[in-house]
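The structure under discussion appears below in the form of structure tokens.
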Amino acid sequence: MANFQTHLNGGIFVSVAAVLGLHGAGLVEQGATLGYFALGVAGSLLPDIDADASKPVRAFFNVLGVAVAFAMTLPLIGRFLPLEVALIWVGVFLCVRYLIFELFARVTVHRGIWHSWLGIAAAALATVNIAYWMMERSAEAAWVAGLMVGIGYLTHLVLDELYSVDLLNSRVKRSFGTALKPFSLADPRSSLGMLAVVVALAWFAPALDWGLLPAEGLPRVAVVLANRMVEALGGVVDGTGLLLQSLIDWIRTGAAHL
């Protein structure tokens with residue numbers, strides 16, 4: 001499977017193309033592009049949350065612990081003594097960082113339900129609900145945020161599948177098919193549980209007023225995204241061609257002086 005650096009590079013590349021496409025389609029304001037880009041990159045790293053021993057997972061639970069601790073203690077300021085608030089903050093952080101992490105590690109399996117279509121849907125819909133209900137973003141902005149996380153998440157799974165095929169030795173690794181799957185056949189209970197989560201998140205997700213978009217909005221977004229991807233790939237190809245041509249010219253120049 002692809003390593004962390006590959007997933008990070010892939011997430012950056014695809015997120016840039018997606019944000020530029022959405023901005024070109026008029027769905028993302030220029031001041032919000034950096035935030036959506038960050039969501040896309042975060043989504044590209046999210047599926048490995050079930051890799052219990054990885055540094056990104058521990059960093060994720062560190063950040064989650066801090067966020068939850070602040071969310072729970074900020075409303076208590078003024079109602080409790082500062083020392084009491086600080087003790088509550090530390091208690092909440094330790095609970096999330098160690099207790100919740102340990103429980104999560106016990107019930108999840110790497111390349112399990114988080115590496116599936118249901119995982120993509122759960123991550124994207126959770127982002128939509130958090131952005132709308134907790135961060136009080138508009139329905140359109142919340143759905144764009146969920147879309148970016150979903151795109152990044154899908155990028156991660158696609159890269160895992162691509163790295164499961166060894167083209168040089170012309171063989172398919174045993175890990176092929178374990179990432180980009182609809183659900184986990186090996187663990188039906190997790191699949192049913194994740195399906196229930198997806199249905200609940202879809203139920204609470206805000207309705208999107210499609211009147212905010214022109215009639216050709218979605219096709220136009222797809223076309224712009226495709227064009228941005230083609231332009232980015234063309235830039236990589238052109239740059240590689242120029243590099244090779246420069247190398248050939250340098251070799252020819254050196255040979256001429258021999």
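Worth a mention:
To keep it simple, each residue is scored yes or no on (1) modelled with pLDDT under 85; (2) open to solvent by 50 Å² or more (accessible area, probe 1.4 Å); (3) among the β-branched types (Val, Ile, Thr).
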{"site": "GLY26", "(1), (2), (3)": "yes, yes, no"}
{"site": "PHE37", "(1), (2), (3)": "no, yes, no"}
{"site": "LEU45", "(1), (2), (3)": "yes, no, no"}
{"site": "VAL68", "(1), (2), (3)": "yes, no, yes"}
{"site": "ALA71", "(1), (2), (3)": "yes, yes, no"}
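- Inter-residue pairs, beta-carbon under 7 Å, first closer than 18 Å to PHE61 by Cβ and of a type in the set (A, V, I, L, M, F, W, C) and in the range 73-102, second part of a helix (DSSP H, G or I) and open to solvent by 40 Å² or more (accessible area, probe 1.4 Å), 6+ apart: VAL92/VAL68; VAL92/MET72; PHE93/VAL66; VAL96/LEU64; VAL96/VAL68
- Close pairs from the range 121-134: first of a type outside the set (S, T, N, Q), partner open to solvent by 30 Å² or more (accessible area, probe 1.4 Å) and not in a helix (DSSP H, G or I), Cβ under 6 Å, at least 6 apart: ALA131/ARG137
- Cβ separations smaller than 7 Å between residues 6+ apart or across chains give the following pairs from the range 47-65 residues that are open to solvent by less than 50 Å² (accessible area, probe 1.4 Å) to residues that are modelled with pLDDT of 70 or more and part of a loop (DSSP other than H, G, I, E, B): PRO47/TRP114; PRO47/HIS115; ILE49/TRP114; ASP50/TRP114.
- The condition (being in contact with a Pro (Cβ under 8 Å, 6 or more places away or on another chain) and either of a type in the set (Asp, Glu) or modelled with pLDDT under 85 (or both)) is satisfied by just one residue among PHE101, PHE4: PHE4.
- Looking only at the range 149-188, and only at residues there that are more than 15 Å from PRO47 (Cβ to Cβ) and at pLDDT 65 or above, the one that is least open to solvent (accessible area, probe 1.4 Å): ASP187
- Whichever residue in the range 104-138 is at pLDDT below 75 and charged (D, E, K, R) and, among such residues, is most open to solvent (accessible area, probe 1.4 Å): ARG106
- Of all residues in the range 73-89 being exposed (fewer than 12 other Cβ atoms within 10 Å of the Cβ) and of a type in the set (A, V, I, L, M, F, W, C), the one that is nearest to the chain's Cα centre (by Cα): LEU74
The values are calculated or read from the model by the stated rules, or taken from the named source; none is laboratory data. Keep in mind that this is a model prediction, so the values were computed, not measured. For neighbour counting, all protein chains shown are included, and Cβ atoms are generated from backbone atoms with ideal geometry for every residue, glycine included. Keep in mind that these areas ignore ligands, DNA and RNA; they rest on the heavy atoms of the full protein, side chains included. Shrake-Rupley method; radii C 1.70, N 1.55, O 1.52, S 1.80 Å.
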